[in-house]
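Everything on this sheet refers to the single structure shown next.
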Amino acid sequence: MMDWTALLLSIKLGTMTVLLLLPAALFAGRALAYHRFHGKPLLEALLAVPLVLPPTVVGYYLLVCLGGQSWIGQSIERLFGQPLVFHFSGLVLASIIVNVPFAVQPIQRAFEGIPHEVRDAAACCGIGYWRCLLTVELPLAWPGILTALVLSFAHTIGEFGVVLMVGGSIPGETKTVAIAIYDQVQAFDFNAAGRMSLFLLLFSVAVLGLANGLGRRIGRRHELPRF
Amino acid sequence: MNCPGSDLSVKLRQAAPIPLDADIACPGGELLAMVGPSGSGKSTLLRAIAGLYRPLEGRIVCGDVCWFDHAKGIHLTPQQRHVGFVPQHYGLFPHMTALDNVIAGLSHLPAQLREERAGSWLAKVHLAGLERRRPAELSGGQQQRVALARALAREPAVLLLDEPFSAVDRATRETLYVELAELKRDLALPIIMVTHDLNEALLLADRMTLLAHGRTLQSGQPRQVIAQPVSETAARLVGVRNLFDGEVLRHDQAAGLTWLKVGDWEIAGRLAQGWAPGSRVRWMIPGSGVRLRSLARGDLSDGINRLRIVIKSVLPLGDDCRITAQLPGIDPPLNLQIPLRLAQELSLKPGSSTDVMLRDRQLHILPPSQ
C-alpha cells in the first residue's frame, strides 16, 4: 500500500520549505556573490555546515533549542499555543535549516557568473536596483535558481534524520514518506516499502532530469558572448 | 541632469585601496585618451567617473552639474549621471536581442518611442537587419557597435570607452577607428577612451593623459606628450627606450639649444633652461631622431651631434631591422629601428661601426631619475 498521506505531507513540506527558503536564499546568495566583507569565509562555512553535519546532529540541536525545556521553546509555545517540535511547523523550520546550503550555494554561483561589466552597463543605462534584478540578473541567474529550487525540494522529500529527531513519526503531522518507508521496513512490509522506494527513486530521477534539461536550455539561450 | 557639450573636470585623490591621484579635464567635443600600463588605475578612474566606484576624495563636475564632491557629500549614482559607458567586453545583456539591449538604454524616453529610436541607433552604427540577434550571435565588432549604440542612445553627457578596440581583430579595429572618428565629429560631448595603445591615442585623441599607479603624469596633445615626456616614467610609458645620463654645460638661447656633456662628448638638445649648468639630467632621443649615414644621400654633414656607433646586434623584423649599438663611452646601448634595406646598404652587422647624427630638435632633456 502506498502511504498517500505521508507522500502528500512530504510534498507539502517540500513546497513550504522552497517557498520560504528561496526568497531568502536569493538575497543571501546575491549579497555573498557581490560583496566582500570581513568574516565572509566564516559565514560561508557556517552556511555550508548542514552539508557535512549528520542530520541527526542538526535535529538534536533543534530539539534542544526548540523543545519544551528551552526558553525559546517555552516562548514559542506561549506565543502560538503549541510547540514547534513534533509539529509540522517545526519540520518546516528544520527542513529550511538543513537546506540552506542547497539553496544558497547554486544561487551564489549563478550571481557570481554574471560579469560585473553587465551590471555596470545596466547601471549606466539608468536601470535601477529592482529593474536590474528582475530584467537582467534573475534571467541570467535563472539556471542556478532552478537548481536551488530542485535540490531543496528533492532533498526535503528525501530528508530522514532531522525529520525523525524533530518531528517523530506522527501520521498526517510529521510522518513524511521517508519515515513511512522506514516504518514499513520496521514492520517487515517490504512490498509497500519497495513500492514507495521505487516511486521516490523515479520521482527523484525525473525531477533532476527535468531540472538539468531546463537549466541547459536556459543556459544555451543566455549564453554569454565569447571573445 | 543631461549636459551635452559640457566640459568634464575630474580631480580625484585617495591612498588606498587603489591609489589615485588624478587630475583630468575633457572639453565637450574632444576625445581624451587615458594611456597607461595594466594596473595603472585607468579602469578605476573610468568607473569613478561613471559613478560605479566611489573614491575617498575629490570632485567630478560635468558642465554645471557636480557629480561627486566628497567635501559636500555629493555622489550621484550612475543612473543619475547620464554617462554612456562601453566596458572592455561591452557588458551586453546576453539574454536580450541587439534591439532590446539598445532599448534598455532608452528608459528616459516614453515607451512607445523606444523601439523606433533603438532601431535608428542600430542603423547609425551599421547594424540594420541584425536587430533580432543575441550578442552570442554577433561578431566582436558587431557586439562593440551594439554597446556603442546602447551607450549613445541614452543621450549621455559623457561617453566613456574602456579599451574599446582590445577584443576585436585588426581588420575590424581599423574599420571601428574610422567609425569612431566620424562619430566624434558629430558628437559634442566629452569622450574619454582608456587604452594602452599609443597608436590609438595618436589616431583618435585630441588630448592624451599618461597614467601610472593611479597618478596622472602628464596631459597634452598626443604628439607633444610622446615627443616631450616630463619624466623618465612618462618617457618609458610612451615607449622611449633611448634614455641616457648627461650633465648640462650651457644654454644657447639664440640657437635654441642646451649643450650637454655625455661621456667625453658634447651634444646639443632642445633648449631646457630649467636646468642650471652643472645639473645632472637625463636625456632621450626617439628612434626617429637618429639619422644614419646613407650611401645614396652621401655622408652626414659635419654638423653637431655626430657620433660614431659600434653595432652590437642586428635583428631583422619584416621589412625593418632592430639594431642595438654602443655610443662611444656611453651606457646603455642605443636602440634603433631602420628599414632592412638601409641596414643592408650600410652593411650593418655586429662589430661594424657607422656614423650617426642625433637630431638636436628631437633630443629632449628630462629631470634626473629619482
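The values are calculated or read from the model by the stated rules, or taken from the named source; none is laboratory data. The structure presented is a predicted model; accordingly, all values stated were derived computationally and were not measured. So basically every Cβ, Gly included, is an ideal-geometry build from the backbone, and we count neighbours across all protein chains shown.
Note on segment A:153-173: residues that are surrounded by fewer than 23 Cβ atoms within 10 Å (Cβ to Cβ) and not in a helix (DSSP H, G or I) amount to 7.
Scanning segment B:162-174 for residues that are outside any helix (DSSP H, G or I) and either more than 15 Å from the chain's Cα centre (by Cα) or farther than 20 Å from B:ALA123 by Cα (or both) yields B:ASP162, B:GLU163, B:PHE165, B:SER166, B:ALA167, B:VAL168, B:ASP169. Is it true that A:ARG131 is more than 13 Å from chain B (Cβ to nearest Cβ) and surrounded by fewer than 18 Cβ atoms within 10 Å (Cβ to Cβ)? No; evaluated as a whole, the condition is false for this residue. Annotation for segment B:173-184: no member residue is touching a His at 6+ places or on another chain (Cβ under 8 Å), within 11 Å of chain A (Cβ to nearest Cβ) and at pLDDT below 90.
Taking segment B:231-257 as the range and being under 15 Å from the mean Cα position of the chain (by Cα) and closer than 20 Å to B:VAL281 by Cβ as the test, the residues that pass are B:THR233, B:ALA234, B:ALA235, B:ARG236, B:LEU237, B:VAL238, B:VAL240. Count of segment A:35-57 residues, restricted to those that are under 14 Å from A:PRO106 (Cα atoms) and either surrounded by 14 or more Cβ atoms within 10 Å (Cβ to Cβ) or aromatic (Phe, Trp, Tyr) (or both), is 3. Taken together, the criteria place A:ALA178 among residues that are of a type outside the set (Ser, Thr, Tyr) and either within 14 Å of A:ILE11 (Cβ to Cβ) or in contact with a Leu (Cβ under 6 Å, 6 or more places away or on another chain) (or both). Set side by side, the residues B:LEU161, B:LEU202 differ, and just one is in contact with a Pro (Cβ under 6 Å, 6 or more places away or on another chain), modelled with pLDDT of 85 or more and over 25 Å from B:GLU116 (Cβ atoms), which is B:LEU202.
The numbered conditions (1) assigned to a helix (DSSP H, G or I); (2) closer than 27 Å to A:GLY59 by Cβ; (3) more than 21 Å from the chain's Cα centre (by Cα) are all true for A:TRP130 except (2). In this structure, B:THR195 does satisfy being hydroxyl-bearing (Ser, Thr, Tyr), surrounded by 20 or more Cβ atoms within 10 Å (Cβ to Cβ) and in the same structural domain as B:VAL35 (by TED's automatic domain parsing).
Just to be sure before I move on: is B:ALA205 touching a Cys at 6+ places or on another chain (Cβ under 7 Å), among the small types (Gly, Ala, Ser) and crowded, with 19+ Cβ neighbours inside 10 Å in the structure I sent? When the stated conditions are applied, B:ALA205 does not pass them. Working only within segment A:180-216, note down all residues that are over 26 Å from the mean Cα position of the chain (by Cα) and under 19 Å from A:SER152 (Cα atoms). Across segment A:180-216, there are no qualifying residues.
Scanning segment B:55-111 for residues that are surrounded by fewer than 20 Cβ atoms within 10 Å (Cβ to Cβ), in contact (Cβ under 8 Å) with a residue 40 or more places away in the chain, within 11 Å of chain A (Cβ to nearest Cβ) and outside any loop (DSSP other than H, G, I, E, B) yields one hit, B:GLN80.
Quick check on my filter: what residues within segment B:254-269 are in a strand (DSSP E or B) and out of contact with any Asp or Glu (no Cβ under 7 Å at 6 or more places or on another chain)? Passing the criteria: B:THR258, B:VAL262, B:TRP265, B:GLU266, B:ILE267. The residues of segment A:63-78 that are closer than 16 Å to A:MET165 by Cα and under 25 Å from the mean Cα position of the chain (by Cα), listed by number, are A:LEU63, A:VAL64, A:CYS65, A:LEU66, A:GLY67, A:GLY73. Scanning segment B:1-51 for residues that are closer than 15 Å to B:PRO190 by Cβ and polar (S, T, N, Q) returns B:ASN2, B:SER6, B:SER9. Among the criteria (1) under 23 Å from A:ALA123 (Cβ atoms); (2) surrounded by fewer than 22 Cβ atoms within 10 Å (Cβ to Cβ); (3) β-branched (Val, Ile, Thr), the one B:THR172 does not fulfil is (1). Across segment B:226-253, the number of residues qualifying as in a helix (DSSP H, G or I) and without any contact (Cβ under 8 Å) to a residue 24 or more places away in the chain comes to 2. Can you say whether B:SER313 is modelled with pLDDT under 90 and either assigned by TED's automatic domain parsing to the domain that holds B:ALA227 or of a type in the set (Gly, Ala, Ser) (or both), as far as the supplied structure shows? Taking the combined requirement at face value, the residue does not satisfy it. Here A:PHE86 passes the criteria (1) over 16 Å from the mean Cα position of the chain (by Cα); (2) part of a helix (DSSP H, G or I) except the one numbered (2). Of the residues making up segment A:77-121, just one is surrounded by fewer than 21 Cβ atoms within 10 Å (Cβ to Cβ), within 14 Å of another protein chain (Cβ to nearest Cβ) and small (Gly, Ala, Ser), namely A:GLY113.
Considering A:GLY73, A:GLY81, the condition of being at positive phi, at pLDDT below 90 and of a type outside the set (Ser, Thr, Tyr) is satisfied by A:GLY81 alone.
Just one residue in the set B:PRO332, B:PRO350 is in contact (Cβ under 8 Å) with a residue 40 or more places away in the chain and surrounded by fewer than 17 Cβ atoms within 10 Å (Cβ to Cβ); that residue is B:PRO332.
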